[in-house]
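Heads up: the structure comes next, in structure tokens.
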Amino acid sequence: MALSERQEREKIEIIGAYNHIQVITATIIERDGEVISRTSERRTIKPIDDLTYEEELIQQIANAIWTEEVVEAYKEFMSNQ
């Protein structure tokens, strides 16, 4: 009886006025190749977040959608909160 666990990215979405990147990742546990558990985790990456440890695809998406105008607008929005 062999158990294994793996993670796989299910979805990447661009949401909101400031182009937040939402990443949904599944954790899958299998016993002898049959899925016995599957859970999902959702996290949001904001235009002011550090992308150093994000996978290359996320960095490429962020660089494409987070223009200087978007980042500055988000910073202004946050300073007014």
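Between the residues Tyr18, Gln81, Ile58, the greatest Cα displacement towards the positive end of the dipole of the chain, with unit charges on the Cβ of Lys, Arg, Asp and Glu, is found for Gln81.
Between 0 and 90 degrees, the angle of helix 68-79 with respect to the longest Cα principal axis of the chain falls at about 90 degrees. Taking the Cα atoms only, what angle lies between the long axis of helix 56-65 and the longest principal axis of the chain, rounded to 10 degrees? Roughly 30 degrees, rounded to the nearest 10. In this label model, Ala17 and Leu3 are separated by 4.7 nm, measuring between points 7 Å along each Cα→Cβ vector. Taking other C-beta atoms within 10 angstrom as a stand-in for reagent exposure, Asp32, Asp49 fall in the order Asp32, Asp49, fewest first.
Electrostatic bookkeeping for Ala2 treats Lys and Arg as +1 and Asp and Glu as -1; over the other residues with beta carbon under 12 Å from its beta carbon, the sum is -3.
Assuming charge only on the beta carbon of Lys and Arg (+1) and of Asp and Glu (-1), the dipole of the chain about its Cα centre is about 280 debye to the nearest 20. In terms of overall dimensions, the chain has a Cα radius of gyration and Dmax of 16.8, 56 angstrom. Taking GluC sites (Glu not before Pro) across the chain, the ones in a DSSP loop with at most 12 further Cβ atoms lying within 10 angstrom of their Cβ are Glu55.
Segment Glu34..Gln59, full-extension length gain: 5.7 nm, with 0.36 nm per residue of separation and the alpha-carbon distance subtracted.
Values in this text are rule-based calculations from the coordinates and carry no lab data. From a predicted model like this one, the values you see are computed outputs, not experimental measurements. Methodologically, a virtual Cβ is constructed for each residue, glycine included, from the backbone with ideal geometry; neighbour enumeration extends over all protein chains shown.
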